[in-house]
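Each value in this text was obtained by applying a stated rule to the coordinates, not by laboratory testing. Everything numeric in this text was worked out from a predicted model, so none of it was measured. Note that each Cβ is placed from the backbone with ideal geometry, even for glycine, and that neighbours are counted across all protein chains shown.
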Amino acid sequence: MITEPLLSSPKGGIRALFFIIANEALERLASFGLSTNMILYLTREYGMDAASGAQTLFLYSAAGNFLPIIGAFLADTYVGRYPMIGFGCIASLLGMVLLWLTTIIPGATVPSCAQFSSRCSNDATTPQLLFLYFCLGLMSIGAGGIRSCSLAFGADQLSKRDSLKHAGILESFFSWYYVISSASVFISMTCVVYIQEAMGWKVGFGVPVVLMILSTLSFFLASPIYVKPKAKASWLIGFARVLVASFRKRRIELSSLDTDELYHHRKGSALVVPSERIRFLNKACVIKNPEEDLMPDGRASDPWCLCTVDQVEELKALIKASTMNRHITSKFEIPAGSFYAFLLLSATMWIALYDRVIIPLASKITGKPTRLGLKQKIGIGILGSAASMAVLAIIERVRREIAIREGISDIPDAVTHMSAMWLLPFYFLLGFSEAMNGVGLNEFFYTELPKSMSSVASNLFSIGLSAASLVASFIVSNVRGFISEANQESWVSSNINKGHYDYYYWLLSGLGFANFIYYLACSKAYGPCKGGQKGITGDVREGLIDDDDDDDVV
């Protein structure tokens, strides 16, 4: 864990991190406590079939993962991270309160449906659905505000500290931030879900409201001690200038040797020569005539015709970065919605093992600091994800055969005698994938992109999750009608015993392995990372910090 002592500065530091992480953790407790059992709420209280409910949740998930990137862009360029998180807290709280009211207000759901009954016979009305979608939309917007900036805002509290020069401090913050967030989701998927099933929707949806109130209070109470960097649109303007300048100089012929060109670079910058990748953009920083292109103080006479090497490399970085039987005992049964918690538990365990056991042990054996490179982490994570789907396909094939052998294939809700604990190897592998890929991608984006884009960088991972939700919805829709024979069920039939979900999981596994091959090609084309094997370090980030950063903190 981070053990850095507090400095005498009245703002920022570890004490500020406690409130920021508490805000994020409580928000995840609340939102995942609602979303985990949401499919049951939609089918039992709104009369949706399983496919329609899944489609609704896919879109909700896609919005929740995509909106943070919009929030991050607005925070970095116009609003600022502190106001964006505050707005997100209020929007999330309002959405959760309104959703809770659907369990209380008569007529908000289909009246003929009893609590925790089988699927409703009546469909929800248009006003009922519109109100539901409004609640989900508010929660997505709120998540977009909070999750867009929490990680970067936490890093802001450490950004002025001398110890960032030592490798691993900020990397440890990223890892343990992920651990705490995952732990909060684990609790929500066990405790909160259990409350919903044991006490009903009114109490079950009321608990997340209370948690969100605590999350909001946690964030605003520490307002006086936060470091609050101002939003700066300079990076957006800088990118536009690079594009315009490179286009205006499109007729310049670049030599094969960098030493033959004179490049414009910022005073004191370590970057004096641009990289060879995306070479066309290098024209933007070529000095054709020093007397005409430069002012006496060394600045460009026309910023839209001559840019710095730093601006060119930052744009290049952005271009490259953008892509069963549930009983444990005879009397205790795990809620179905809580099984996802095993994934979080596995991911948390792997992160702790990597940071506190594997890396120290490897460093001791080799006699020097040893860490996996960021691209190695990501690749291992992708491969682990594909392998986990293969394991799930095997498990599902066995489960289906048992259901047929027991004569319950015509009963979709029947429970086989196969223990759900057989799913643990799947969650174990998927958790390993999350630990490597999730943390690795966040580190990669934060390291490779400029500091002025920290919020955007820390949310590029969510774009992939948003796209994945949309692709998942597309795949389910197409696979559902893939089998056209009249006497054969679809792979993803509503009757899981007559369908072939094992084929569907093999398809996902194949796509995962194909994605790994694609990643290897992209990784080779990308070239080396700025952080090399060290991951995120203060030295890496220092090269990306603007000279006037000290004037932009309030």
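See the values below:
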quantity: Amide H partners (placed H, <5 Å) of H500, local residues excluded; calculated: W491, V492, S493
quantity: Net charge of neighbours whose Cβ lies under 11 Å from the Cβ of I69, counting Lys and Arg as +1 and Asp and Glu as -1; calculated: 0
quantity: Cα-Cα over 24 Å, subset of K11/K377; K377/K524; K267/K316; K230/K377; calculated: K11/K377; K230/K377
quantity: Packing-based ranking, highest mean first, of 64-74, 241-251 given that Cβ atoms within 10 Å are counted; calculated: 64-74, 241-251
quantity: Kirkwood Rh, angstrom, segment 14-117 [1 / mean 1/r, Cα pairs]; calculated: 15.9 Å
quantity: Hz values of 3J(HN,Hα) by residue in segment 218-228 - Karplus curve (6.51, -1.76, 1.60), Gly and Pro given as x; calculated: 4, 6, 6, 5, 8, 3, x, 9, 6, 7, 10
quantity: Under 15 Å, Cβ to Cβ, from L214 - net charge with Lys/Arg +1 and Asp/Glu -1; calculated: -1
quantity: Neighbourhood charge, 13 Å Cβ-Cβ cut-off, centred on G88 and excluding it, Lys, Arg +1 and Asp, Glu -1; calculated: +1
quantity: Amide H contacts of Y263 (H built 1.01 Å from N, under 5 Å, at least 5 apart or other chain); calculated: I287
quantity: Long-range HN-HN contacts of A231 with modeled amide H, under 5 Å; calculated: G80
